[in-house]
Amino acid sequence: MRPRPDVLRYGIVLLAVIGAAVAFTMVRSARKRSAAPAVMTEPVERRDIALTIEATGTVEPIDLVEVKSKASGQIVRMPVEVGSTVQARDLLAQIDTRDVQNQYDQSNAALRAAQAKLDISRAQKKRADDLFAQQVITADEYETAVLDFANSEAQIVKMRTDLDLARQRLEDATVRAPISGTVLEQLVSTGQVIASATSSASGGTSLLKMADLSRIRLRALVSETDVGNVRSGQTATVTVDAFPQRSFIGQVEKIEPQAVVQQSVTMFPVLIAITNDDRLLMPGMNGEVTMLVEQRNDVAAVPVDAVRSMREIATVAPALGLEPDSVRAQVERQIRARIGARASGMGGGSDSGGSRSAWTAGAGSPSDSARRRGARGARSGRVGGRGSGAGAAVTGGPGAAALSGAGGAGGAGGAGGRASRAQIVFVKTDRGLEPRLVRLGLSDFDYTEVLDGVKEGEQVALIGVAEAQAQRVQSQSRIRQRMGSGVPGVPGAGGTGAGGRTGSGGGRSGGGS
């Protein structure tokens with residue numbers, strides 16, 4: 001018996017609808033599986049963490065001497081040039097000595113004449129003393145002899161002084177090195193007429209500049225957020241572009257009090273003294289300096305990329321395939337558990353540091369002191385490591401004040417968060433990713449010390465990588481929605497998209513209403 005045509009048409013339509021539904025289900029399932037994030041993890045391991053401050057600067061000599069001449073005249077000899085190494089008292093320049101030599105000779109002759117005059121006056125005074133005692137001469141004659149002797153003594157003092165000045169001017173015509181060092185710049189040459197540095201109104205002519213290159217320093221500009229961790233005597237490691245494979249050890253000499261503002265960034269000059277016995281470092285070289293602030297050896301550490309604050313849950317959880325409300329509820333339960341454990345263990349007293357624990361602050365609004373600590377922690381968090389957000393406050397929920405206080409108290413420790421601070425990591429377990437409240441210590445911007453909350457060997461999710469993957473999946477989903485579903489007869493099967501608006505756009509692109 002042949003089937004009726006209407007029954008046959010009905011069966012064909014039914015089979016088409018069933019096939020479309022199966023295809024739609026398979027496409028949705030495949031896309032959900034492809035959309036499920038493959039989160040990269042890294043184990044909690046023991047590492048050495050060093051918090052350092054890095055800055056750039058320029059090498060400069062410590063003692064830069066600008067050599068000038070006290071004498072004026074023409075340079076007749078200059079045996080040094082740029083780069084010459086000289087010892088103290090070596091000849092740098094010889095100025096024409098004819099004028100000063102003549103002055104010296106005149107002063108020397110005048111001194112000899114004054115000495116002869118003094119000898120004669122002394123003899124005359126001696127005779128006048130004998131004659132006046134015998135009443136042979138009058139008092140006026142005797143007084144004349146005494147006055148002449150006094151004038152002769154004064155004259156010889158003047159002549160000796162003039163001779164000494166003439167000798168100094170003669171010596172000044174020979175310019176010698178004031179220190180042992182290297183000639184850095186030569187400003188005059190042989191044959192040039194120079195002006196005296198003592199008698200010229202312009203300050204005289206500079207002959208050359210020299211410095212002792214065995215003692216140099218690096219002038220580095222340190223950001224105002226880091227300068228609080230720099231102190232005199234602190235050890236620093238310097239590398240220069242000329243010798244990238246070699247490090248030079250220096251010591252912080254001082255911090256200049258006057259700030260330098262470059263492109264709206266406030267920085268302070270820090271002078272770092274470096275020993276340069278082998279003369280490899282030269283003035284003007286650009287260098288990078290690393291100053292060690294604090295170091296922890298063999299401590300449990302997690303990547304900075306695995307750490308987030310509670311206020312980032314709304315954006316982090318979807319990237320990891322979790323529900324933000326569920327994650328927030330789990331973290332709040334951990335907060336309450338810690339508060340209860342601290343309260344029962346301490347009996348409401350003070351902790352070992354002498355300050356009330358942040359975990360015992362309760363679930364109400366944070367106190368004024370907690371707010372202040374949280375604000376200081378947030379400011380310190382700018383140098384506390386990428387993505388960690390030291391001292392971040394919790395946005396809403398029970399225990400918010402406790403977490404905010406803990407973060408503030410920890411972040412106020414300084415750069416990198418040297419004191420403990422509370423943050424969140426996501427640990428991979430048999431049940432999937434689990435949010436875990438942890439206390440962090442020192443951070444070197446790549447890894448951060450974890451004080452408690454996770455155990456060594458546990459796998460923590462790299463959130464930054466997961467967020468990048470989620471953004472890539474969303475971008476690909478939008479592209480597929482614009483191009484259509486590719487499944488005939490299935491309206492709007494182009495993908496769920498990143499939200500309601502994107503999903504509806506995919507439906508329109510696929511031919512749906």
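Points worth noting:
- Remark: relative contact order (segment 194-253) = 21 percent; criterion is Cα-Cα distance under 8 angstrom and separation of 6 or more residues.
- Using a probe radius of 1.4 angstrom, the carbon and sulfur fraction of the accessible surface of segment 74-143 is 47%.
- The packing ranking, built from the mean of other Cβ atoms within 10 Å per residue, places the peptides 121-127, 39-45 in the order 39-45, 121-127, highest first.
- Here's how it looks for residue 447: its modeled amide H is under 5 Å from those of 304, which are all 5 or more places away or on a different chain.
- Average accessible area per residue (Å²) across segment 108-175 - probe 1.4 Å, nucleic acids and ligands excluded: 66
- Take every pair of alpha-carbon atoms less than 8 Å apart whose residues are at least six positions apart; their mean separation over the length of segment 236-282 yields a relative contact order of 32 percent.
- Cβ-Cβ distance of residue 255 and residue 282, R₀ of 30 Å, FRET efficiency by 1/(1 + (r/R0)^6): the value works out to about 0.75.
- Ranked by the mean number of other Cβ atoms within 10 Å per residue, highest first, peptides 154-165, 304-315 order as 304-315, 154-165.
- Under 5 Å from the amide H of residue 90 lie the amide H atoms of 177, each residue being 5 or more positions distant or on a separate chain, with H modelled from the backbone and absent for Pro and chain starts.
- Efficiency of FRET between residue 483 and residue 9 - r from beta-carbon atoms, R0 35 angstrom, step 0.05: 0.60
- Over 31 Å apart at the Cα level, from the set 70/117; 125/158; 209/254; 68/158; 126/158, are 70/117.
- Packing, taken as the mean count of other beta carbons within 10 Å per residue, orders the peptides 422-428, 459-465, 220-226, 79-85 from highest to lowest as 422-428, 459-465, 220-226, 79-85.
- Residues in segment 302-319 carry Karplus couplings, in order, of 10, x, 4, 5, 8, 10, 9, 8, 5, 6, 9, 4, 4, 9, 7, 4, x, 5 Hz; the curve used is 6.51 cos²θ - 1.76 cosθ + 1.60 with θ = phi - 60°, and Gly or Pro positions show x.
- For residue 266, the residues 5 or more places off, or on other chains, whose built amide H falls under 5 Å of its own are 224.
- Phi to ³J(HN,Hα) by Karplus 6.51 cos²θ - 1.76 cosθ + 1.60 over segment 150-156, Hz, x for Gly, Pro: 5, 5, 5, 5, 5, 5, 6
- Where Rh is the Kirkwood radius over Cα pairs, Rg/Rh for segment 187-326: 1.23
- The local environment of residue 159, defined by Cβ-Cβ distances under 12 Å, has a net charge of +1 under the rule Lys, Arg +1 and Asp, Glu -1.
The values are calculated or read from the model by the stated rules, or taken from the named source; none is laboratory data. All of these numbers come straight from a predicted model, not from anything done at the bench. Glycine gets a Cβ as well: all are built from the backbone with ideal geometry, and neighbour counts include every protein chain shown. When the accessible area is computed, the model is the full protein with side chains, heavy atoms only, and any ligands, DNA or RNA have been set aside. Shrake-Rupley method; radii C 1.70, N 1.55, O 1.52, S 1.80 Å.
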